[in-house]
Structures are given as structure tokens and as C-alpha cells.
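The values are calculated or read from the model by the stated rules, or taken from the named source; none is laboratory data. Source: prediction; values computed, not measured. When we count neighbours, we look across all protein chains shown, and the Cβ atoms used for this are built from the backbone with ideal geometry, even at glycine. These area figures cover heavy atoms from the full protein model, side chains too; ligands, DNA and RNA do not enter into them. Shrake-Rupley method; radii C 1.70, N 1.55, O 1.52, S 1.80 Å.
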Amino acid sequence: FEDHDLRILSRSLQSLQTLSLYCCEELSNACVKYVARMRELRNLNLALPCLIDRALLQISTLTNLEELSLEGCSYITGDGFRVFQHLPNLRALNVRSCESFLILEHLSAASLLSSLDLRFSPITHTHT
């Protein structure tokens, strides 16, 4: 499964509500722009080890998103985690085994969050 395949899916499955890209190792960061076109998504597993901040920020268009898994996304930093302020319906978040720091202040915008998996992820907060 490659970026081209996801582009085709994004065009034909506009009402898709659940998408898992877990272990789709052939996908690149460029694929996220196709995911961002699927505006009806409510559950997204974007556990791509190569995922970087710039790519993650593209999903800010998915305002219906309720569940998001970024498990094992080692290259996401605090900048990428700012995407949460654009996901007002986010209820469940999995950032398990994300090796970069998750800044807790970025989660404050996710006021509906009821499930959070932080296992094996370093966390920090800004001192203001």
C-alpha cells in the first residue's frame, strides 16, 4: 500500500469514518495530504514511524476526528502536537512510544479528551 493508493482512496471514499494506516511502511509523509481530504474521518490510526510535524499539521482539517493514534511516531515534536488545538472533537489520543516530548499545554485545547495513552512517552510542560 503506497501513497498513490491512498490518493485513490481519498477520492473515492469521501464518507469514510475509520482509517488505519498502522504498519503501512511504504507510505511517506506526503500521504497525509490525502488523509486530510477525508473530512468525515472520526477514527484515524496514523502510526507511521516516519511521520514529521509538517505532515501531522495537515490533519487539522479533520475537525470531526474523535480518535487519533500516533503510536510510535518518533519524529513528532511539540510543533506537531499543536494540531490538537484544531481537533475540537478529539476524545481519545494514543501517543504511546512517541520518543519526542509531548508538551502537556498542547492537550489543553482537547477539552473533550476522555482517553489518553502516554505509555513510554516522555512528557513535559512549559513553565509560564
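A quick yes/no check of all residues on (1) within 14 Å of the chain's Cα centre (by Cα); (2) open to solvent by 50 Å² or more (accessible area, probe 1.4 Å):
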{"residue": "Leu13", "(1), (2)": "no, yes"}
{"residue": "Glu26", "(1), (2)": "no, yes"}
{"residue": "Met38", "(1), (2)": "yes, no"}
{"residue": "Arg42", "(1), (2)": "yes, yes"}
{"residue": "Cys73", "(1), (2)": "yes, no"}
Review point. If you go through the range 26-74 one residue at a time, how many are farther than 17 Å from Asp117 by Cβ and of a type in the set (S, T, N, Q)?
Key: 7
**Study point:** Failed item in (1) at pLDDT below 95; (2) touching a Leu at 6+ places or on another chain (Cβ under 9 Å), with Leu44 passing the rest
**Key:** (1)
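Among the residues of the range 1-11, write down those that are among the aliphatic types (A, V, I, L, M) and loosely packed, with under 13 Cβ neighbours inside 10 Å.
Result: Ile8, single match.
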Check your understanding: Looking at Arg7, is it closer than 21 Å to Leu112 by Cα and without any contact (Cβ under 8 Å) to a residue 40 or more places away in the chain?
Key -> no
